[in-house]
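Since the structure comes first, as structure tokens, the remarks are kept for the end.
The values are calculated or read from the model by the stated rules, or taken from the named source; none is laboratory data. All values reported here derive from a predicted model rather than from experimental measurement. Please note: Cβ atoms are built from the backbone with ideal geometry, for glycine as well, and neighbour counts cover all protein chains shown. All accessible areas refer to the heavy atoms of the entire protein, side chains included, with ligands and DNA or RNA removed. Shrake-Rupley method; radii C 1.70, N 1.55, O 1.52, S 1.80 Å.
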Protein chains: 2
Amino acid sequence: MGLRVLAHQHGELARYKSGVAKVSITILLESGARIGPGKAALLESIRDGGSISAAARDMGMSYKRAWLLLDSINQAFTEPVVTAATGGAGGGRATLTAFGVELLERYRRIRDEAADLAADDLAALSRRARPEAGPKV
Amino acid sequence: MGLRVLAHQHGELARYKSGVAKVSITILLESGARIGPGKAALLESIRDGGSISAAARDMGMSYKRAWLLLDSINQAFTEPVVTAATGGAGGGRATLTAFGVELLERYRRIRDEAADLAADDLAALSRRARPEAGPKV
């Protein structure tokens, strides 16, 4: 049984498994603002953990970097995506707004549907891929 | 008629039109090598024009940069994607191999199908997008 057949039968598995090429999705807004896998993962971590500092730690970035990314997402839309309490007992607590949850769901739906529809093409390319990447350019 | 309906009815148009968010696709090979919109456009230009220097000029990059990108694509796979004649009368002529054409077709299929399936989500996000992007991070 070839890899193509396997990937077709187990699309859900293949999507997250190493051994097969994957597809990465970035939403490009008309303004030039971008929502890609990094920002989506940050939103997801905040939705689940309610903390910018914990999300930053999970993703191996500074608190400041995470804050700047969230600020840029907020500024990309006419309504906030994340609200944060700064200072005091609740300092660093962050919550996705209803629109933030919607944005994340839309991103994930596009990503998951794209992964499913791309499964056969990705499996075919994986069969011709070298195990080691060439120079990064 | 809302933007969502328009985008749904005219997915083919909306995909390339400004005024609506778009989706950008990058194929991530297991090795870490990436094939995104820039490399796909470069392959497309070479397929159509047969020239690395013309493709580089079209894309506003140096010949050397285009050459490095093509070399990295070639090194990502077990068979060549582009063949180029260097020096002499045919210097700079470049041709996609059959596999190169296949790679480009697979990339374009994933991209176009993803754009179609994402049309409603992208239109909904466009309605909430600000015309000016915030700070780039």
Confirm whether A:E44 is over 22 Å from B:E132 (Cβ atoms), at pLDDT 95 or above and acidic (D, E). yes
From the option list A:V137, A:V82, single residue qualifying as β-branched (V, I, T) and closer than 30 Å to B:D71 by Cβ is A:V137
For B:S24, state whether it is open to solvent by less than 50 Å² (accessible area, probe 1.4 Å) and closer than 26 Å to B:D116 by Cα. yes
Scope segment B:42-53; condition open to solvent by less than 40 Å² (accessible area, probe 1.4 Å), small (G, A, S) and not in a strand (DSSP E or B); matching residues: B:S45, B:G50
Could you grab me the full set of residues in segment B:55-76 that are touching a Ser or Thr at 6+ places or on another chain (Cβ under 9 Å) and open to solvent by less than 30 Å² (accessible area, probe 1.4 Å)? B:A55, B:A56, B:A66, B:A76
Check B:T83 against each of (1) open to solvent by 60 Å² or more (accessible area, probe 1.4 Å); (2) part of a helix (DSSP H, G or I) and name the one condition it does not meet. (2)
Residue satisfying all of: in segment A:110-125; within 8 Å of another protein chain (Cβ to nearest Cβ) and either open to solvent by 20 Å² or more (accessible area, probe 1.4 Å) or touching a strand residue (DSSP E or B) at 6+ places or on another chain (Cβ under 6 Å) (or both); nearest to B:R127 (Cα to Cα) among these: A:I110
Residue by residue through segment A:25-41, note down the ones that are small (G, A, S) and either away from chain B (no Cβ under 14 Å) or in a loop (DSSP other than H, G, I, E, B) (or both). A:S31, A:G32, A:A33, A:G36, A:A41
Report yes if A:T83 is at the interface with chain B (Cβ under 7 Å from one of its Cβ atoms), over 18 Å from the mean Cα position of the chain (by Cα) and hydroxyl-bearing (S, T, Y), otherwise no. no
Return the total of residues in segment A:46-61 being hydroxyl-bearing (S, T, Y) and touching a helix residue (DSSP H, G or I) at 6+ places or on another chain (Cβ under 7 Å). 1
With the first residue restricted to segment B:28-49 and required to be among the hydroxyl-bearing types (S, T, Y), and the second required to be open to solvent by 20 Å² or more (accessible area, probe 1.4 Å), Cβ contacts under 8 Å at 6 or more apart or on different chains are B:S31/A:A129; B:S31/A:R130; B:S31/A:P131; B:S31/A:E132; B:S31/A:A133; B:S45/B:A54; B:S45/B:D58; B:S45/B:M59
Evaluate segment A:96-109: report whether one residue or more is of a type in the set (F, W, Y), within 12 Å of another protein chain (Cβ to nearest Cβ) and in a strand (DSSP E or B). no
